[in-house]
1. Treating cross-link reach as a plain straight distance, find the lysines whose alpha-carbon is under 27 Å from the alpha-carbon of residue 158, omitting any fewer than eight places away in the same chain.
2. Hey, can you rank 184-190, 140-146, 160-166 by average C-beta count inside 10 Å, highest first?
3. Assuming a ≥ b ≥ c are the square roots of the Cα gyration tensor eigenvalues, decide whether segment 197-271 counts as rounded (a/c under 1.5), prolate (otherwise, with a/b larger than b/c) or oblate.
4. Compute from the Cα atoms of segment 265-341 the Rg and the Dmax, the latter being the longest Cα-Cα distance, and quote both in angstrom.
5. Using only the Cα atoms, what convex hull volume per residue in Å³ does the chain have?
6. Under the rule of -39500 (n - 2.57) per DSSP H run of 4 or more residues, summed and divided by the residues of the chain, what mean residue ellipticity at 222 nm is obtained, to the nearest 500 deg cm²/dmol?
7. Can you sort 64, 132 so the residue with the fewest Cβ neighbours within 10 Å comes first?
Amino acid sequence: MSNVTDDGSTFYLNVHERSFGQAHPSDDRLHRDANALIPDDPDLVETQYLGFNVPTAGIDAFNYVWAHPNLGTASGGAWAWQGENAGQLHSELFDMRNYLPISAVGELDSYILPNGYGVEVVKPLEELRITYEDASRGNAFDVTLSAFMPPAVIANGKHFEQGMRTRGSITLLGEQHTVDGFTIRDRSWGETRPEAPRLAPVVHWMTPVFGEDFAIHAFAVEDPTRKPIWDGLFEFSADRAAELSRGWVWKDGDLTYLESVTLTAEWDLTRRYPTAYRVDMVDVEDRRWSMTAELVAASNWYLWNNIYTPILLMRFECDGRSGYGDSQIGAWTDVVRRRLP
């Protein structure tokens, strides 16, 4: 059994104050000043995630770019798939590039990568457009994301999530589908993302949207008291799990921070994906929310060599409402080798 370690850099496995920071229109541009405060660390990154889905067709899209300011490089591109598959290269559309000059993403508000993935910030913090085309494979998308809530900025002011309405179209292998739904986008800057394999439990990043009036972001590890998939591999207490949980609820125009998130996951060890969740949450106003989820689509992305990162499209139920959203998962070598062979 191993002790959990944390280098204290990125927000994933750090404790955060249960309060919000303030967003600024400039947050949709590259954060040169904040990044300059970490001048020598090659692990410094700035990220931009813009996704969408078509639940009726089992389609999920996960488009991601991250700049590496101290290396002078950038990575990222477009990804979309239908149903379940074993991993990124089994997807109908996968076109990520690892070694681009940082100039390829400009200020992160208007660029087209060499692979054809394009982003335009039409109005900062309110509207963005993403495009892609690979005519040789019959793949393309053109989707506009329009905010229905303000950015939820974490207390340290270096990351936000934001609920977005999505409209447009996607074509996968020549078959066109209408995009008319929701997503939660996110941005991070001014911190490092070490690639070292962590001695840590599996983390789950859940982003359901039930309508323009109701959305949730919940980040948690599985409840240590309920024999999670990593049970017995680490010394990790329920108190530590509670400290690391975070998120928010957007309901009827009110944004509140989550005080606690308790997660139970059902895994299919053959498919190597969770197939269902139960999530119990309490916000800072002592309102209680219970949520369940079931798997709709799944694929895996080896974002870095040392981490297993399945991306799931889930159907969520909460407060008598149904909605869809991602669960982004992080698992490191010890869990994968011992529990997901």
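Read the figures in this text as sums done on the coordinates, not as results from a lab. On a predicted model such as this, the values are computed, not experimentally measured, just so you know. Using ideal geometry, Cβ is built from the backbone for each residue, glycine included, and neighbour counts are taken over all protein chains shown.
1. Cross-link targets: 123, 251.
2. Result, highest mean Cβ count within 10 Å first: 160-166, 184-190, 140-146.
3. prolate
4. In Å, with Rg to one decimal and Dmax whole: 14.3, 42.
5. 121
6. -1500 deg cm²/dmol
7. Working: 64 20, 132 26.
Fewest-to-most Cβ neighbours within 10 Å comes out as 64, 132.
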